[in-house]
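The values are calculated or read from the model by the stated rules, or taken from the named source; none is laboratory data. None of these values were measured; they are calculated from a predicted model. Neighbour counts run over all protein chains shown; Cβ positions are idealised from the backbone, glycine included.
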Amino acid sequence: MARLNKRTDLLRGVRVIRRILRKLGLSPQQFQRFHSFGTDSVIGRPRLLEGQGNIAIGDRCMLRDGVWLGAYPHLFPELDSGTPRIVIEDDVYIGYLASITAVRRVHIGQGTLISNDFFTSDHTHEFDPRRGSPRYQGVISKGAVEIGRNCFLGYRVSIMPGVTLGNHCVVGAHSVVTSSFPDYSMVAGVPARLIKTFDFSRGDWVAEDETSTSGAVH
């Protein structure tokens, strides 16, 4: 009788855990398919998850509804198959309708805040007019995407293949980032350009034209 009660209690506990996971938008099976999935992290519904075994998500992350995470290591099998292609570190927030795909590597640093309609990818389709539709052509990678720690990316930002953003960068809404920027950069535009840099001596963001003229001889 005692053994039966223990089994009943265990089954109840399993059902409680499953209900909690469903409320969080994840099933126990999906935890098993990820390369790693941190504690207190949530992925909203609806969502599209492809190649979870090549996706690593840290602790306390929030990925809002409509996210597409796609990792496709079979397109570049020469790389280490045990290395996750998408890495989202601890305490990252990503808004609604984000699209993040990788064949090599997309890395988002700890504490980064990303607004809605975000796009990033480390690859693109080949487009040779002699070969018909790009749908049936291969993909090419122009390099990994690296987004540093504690960055803030505004509404509808796109980070293109091969871009590295340093730590504590700010990207203005609707920007398309096609080149890399160092730590403490504020960028905006299509394509994005440097507009401000954080000046620790002033404790403020300083416009790029002011920075370039501050050392001029009058």
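The table below gives the values:
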item: Of all residues in region 60-78 being surrounded by 15 or more Cβ atoms within 10 Å (Cβ to Cβ), within 26 Å of E126 (Cβ to Cβ) and over 11 Å from the mean Cα position of the chain (by Cα), the one that is modelled with the lowest pLDDT; result: F76
item: Residues of region 58-77 that turn out to be part of a strand (DSSP E or B) and more than 14 Å from T101 (Cα to Cα), as a count; result: 2
item: Residues within region 103-139 that are under 30 Å from D183 (Cα atoms) and of a type in the set (D, E), tallied; result: 2
item: Verdict on I94 being farther than 19 Å from H174 by Cα and under 11 Å from the mean Cα position of the chain (by Cα); result: no
item: Of all residues in region 102-149 being among the basic types (K, R) and assigned to a loop (DSSP other than H, G, I, E, B), the one that is surrounded by the fewest Cβ atoms within 10 Å (Cβ to Cβ); result: K142
item: Residues of region 185-211 satisfying the condition of being of a type in the set (A, V, I, L, M), under 23 Å from the mean Cα position of the chain (by Cα) and surrounded by 13 or more Cβ atoms within 10 Å (Cβ to Cβ); result: M186, V187, A188, A192, L194
item: Verdict on L49 being over 19 Å from G109 (Cβ atoms) and modelled with pLDDT of 60 or more; result: yes
item: Qualifying residue in region 177-184 (condition: assigned to a strand (DSSP E or B), surrounded by fewer than 19 Cβ atoms within 10 Å (Cβ to Cβ) and not aliphatic (A, V, I, L, M)); result: no
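This table checks each residue for (1) among the β-branched types (V, I, T); (2) over 21 Å from D91 (Cα atoms); (3) touching a strand residue (DSSP E or B) at 6+ places or on another chain (Cβ under 9 Å); (4) free of Cβ contacts under 8 Å to residues at least 24 places away in the same chain.
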{"site": "H125", "(1), (2), (3), (4)": "no, yes, yes, yes"}
{"site": "K142", "(1), (2), (3), (4)": "no, yes, yes, yes"}
{"site": "G148", "(1), (2), (3), (4)": "no, no, yes, no"}
{"site": "G154", "(1), (2), (3), (4)": "no, no, yes, no"}
{"site": "V177", "(1), (2), (3), (4)": "yes, yes, yes, yes"}
{"site": "I195", "(1), (2), (3), (4)": "yes, yes, yes, yes"}
